[in-house]
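The values are calculated or read from the model by the stated rules, or taken from the named source; none is laboratory data. As the structure is a computational prediction, the values presented were derived from the model and not from experiment. Note: accessible area is taken over every heavy atom of the protein model, side chains too, but ligands, DNA and RNA are not part of it. Shrake-Rupley method; radii C 1.70, N 1.55, O 1.52, S 1.80 Å.
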Amino acid sequence: MDKSKQPFRKSKRSFRRRLPPPIGSGDRIDYRNMSLISRFISEQGKILSRRVNRLTLKQQRLITIAIKQARILSLLPFRNNEKQLERAESIPRATGPRIKNK
């Protein structure tokens, strides 16, 4: 059989290496487990996507529910305001009464 007439075959080896799962079998997904939950939140306080986290659909749902419960119970902030606080402190503001220029 000629090479040009052979059907296309997928290679048996995948190019992506499988990395170890981010959640171990002993880790319990719970709103009180801050060390686990904080790994799945961005610097701005957003929940990271499943693709970034390398989680299964079920794990991502449980993480999302745990993060939302922790936010409601004030264990986590809804958003991270550190950058806004730094900017507010660096901007000088006039504290006295305003004087109109004539």
- Mind grabbing the base-10 log of I(q)/I(0) for the stretch 34-80 at q = 0.27 Å⁻¹? Debye formula, identical points on the C-alpha positions, no solvent, two decimal places. -1.04
- So who's got an amide H within less than 5 Å of the one on Gly45, skipping anything under 5 residues away but keeping other chains? H placed 1.01 Å off N, in plane. Asn80
- Note on the structure: Once amide hydrogens are built 1.01 Å from N within the peptide plane, the residues lying 5 or more places from Leu76 or on another chain with amide H under 5 Å from its amide H are Arg71
- Message: From the protein chains alone at 1.4 Å, what is the descending order of accessible area for Leu62, Leu48, largest first?
- Response: Leu62, Leu48
